[in-house]
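Read-outs: derived from the displayed coordinates by stated rules, not from any lab. Keep in mind the model is a prediction, meaning the values are calculated, not measured. All Cβ positions, glycine included, derive from the backbone under ideal geometry; neighbour counts span all protein chains shown.
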Amino acid sequence: MTITSVEFVKSVVSIKEIPKENLQEIAISGRSNVGKSSLINCLLNRKKLAKTSSTPGKTRQLNYFRINNQFFLVDLPGYGFAKVAKSEMQQWRNLIESYIKTSRNLKGVVALIDSRIGPTPLDLQLLEWLSSLKMPMILVATKADKLSKGKLKSQVAACAKQVAPYYNKTIIPFSVTNGLGKAELWKEMLSLME
Ligand code: GTP
Ligand code: MG
C-alpha cells in the first residue's frame, strides 16, 4: 500500500461532529491498551500520528485520519479500562453504537485482540454485536512479537475457537515492532473498500 498523504482531520466526541465528507471509512476498535493507535501509526508509516501511551484509556474520542484523500481511518476510544467510571463507559457505548449505526460510509471494523490475553468478555460482546449488525470485520491479534512463534500459533487458534460464533475468517497476527501482518491487513482493508 502506497501512502501518499495522511492528514489528521479531527477528534470527535459527539456524533453530530463526524466529518461530512463522503469518503469510505474503516474503524479500528479494541480494548484500552490493545494497540489501536500503534497499529494505525504502523499502517501509515508514522511514528506519532495517533497518540499512543502506556497509560490505558488515552484515546477518548473518535479520531479521523484522511488517507490518500480517498478514505478515513477512524481510531475508536478503547473500552474495558478498569479505572473508567461506569458513566463514562456508558458514554463510550453510546458514542460507538450511534457511530456504527449511523455512519453510512463505514465499510468495516478492524477489531483488535491482544494475542497474549485472547478475547475478553467485552471483546466478545463487541464481536457479537457487530456480527448481529452484519458489519464486516477483520480480526487482528496484536503484540505478536511478545510471544514465541509456537505460543502465538496456539493463542491464535484458541482465539479463533472462541470467536467462531461471530467470526470465521482468518485472524491476522500483527506486530508494530517487526511489521508482521501489515501487508495482509492492508490487503483485507482495501478489499472492504472496493
Ligand atoms: P487506548 O488509546 O488507551 O485505547 O490504547 P490503544 O489501543 O490505542 O493502545 P496504544 O497503541 O496506545 O498501545 C498501548 C501500548 O502497547 C503502548 O505502550 C505500545 O507501545 C504497546 N504496543 C502496541 N502495539 C504493540 C506491538 O505490536 N508490540 C509491542 N511490543 N508493543 C506494542
Ligand atoms: Mg489509542
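Tabulated results
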{"quantity": "Qualifying residues in the stretch 1-51 (those that are out of contact with any Leu (no Cβ under 8 Å at 6 or more places or on another chain) and among the hydroxyl-bearing types (Ser, Thr, Tyr)) - the one surrounded by the fewest Cβ atoms within 10 Å (Cβ to Cβ)", "calculated": "Thr2"}
{"quantity": "Out of Asn45, Asn41, sole residue that is within 22 Å of Lys187 (Cβ to Cβ), out of contact with any Asp or Glu (no Cβ under 9 Å at 6 or more places or on another chain) and without any contact (Cβ under 8 Å) to a residue 60 or more places away in the chain", "calculated": "Asn45"}
{"quantity": "Within the stretch 134-166, tally of residues that are among the basic types (Lys, Arg) and assigned to a loop (DSSP other than H, G, I, E, B)", "calculated": "2"}
{"quantity": "Every pair of residues 6+ apart whose Cβ atoms lie under 6 Å, when the first sits in the stretch 139-164 and is without any contact (Cβ under 8 Å) to a residue 24 or more places away in the chain while the second is surrounded by 13 or more Cβ atoms within 10 Å (Cβ to Cβ)", "calculated": "Ala160/Ile171"}
{"quantity": "Scan of the stretch 119-129 for residues that are in a helix (DSSP H, G or I) and farther than 20 Å from Glu184 by Cβ, ordered by number", "calculated": "Pro121, Leu122, Asp123, Leu124, Gln125, Leu126, Glu128, Trp129"}
{"quantity": "Residue pairs meeting the criteria (Cβ under 7 Å; at least 6 apart or on separate chains; first more than 16 Å from Ser98 (Cβ to Cβ) and in contact (Cβ under 8 Å) with a residue 12 or more places away in the chain, in the stretch 17-38; second more than 7 Å from ligand 1 (Cβ to nearest atom) and in a helix (DSSP H, G or I))", "calculated": "Ile26/Met189; Ile26/Leu192; Ile28/Ile40; Arg31/Leu122; Arg31/Asp123"}
{"quantity": "Some residue of the stretch 106-118 being among the basic types (Lys, Arg) and in a helix (DSSP H, G or I)", "calculated": "no"}
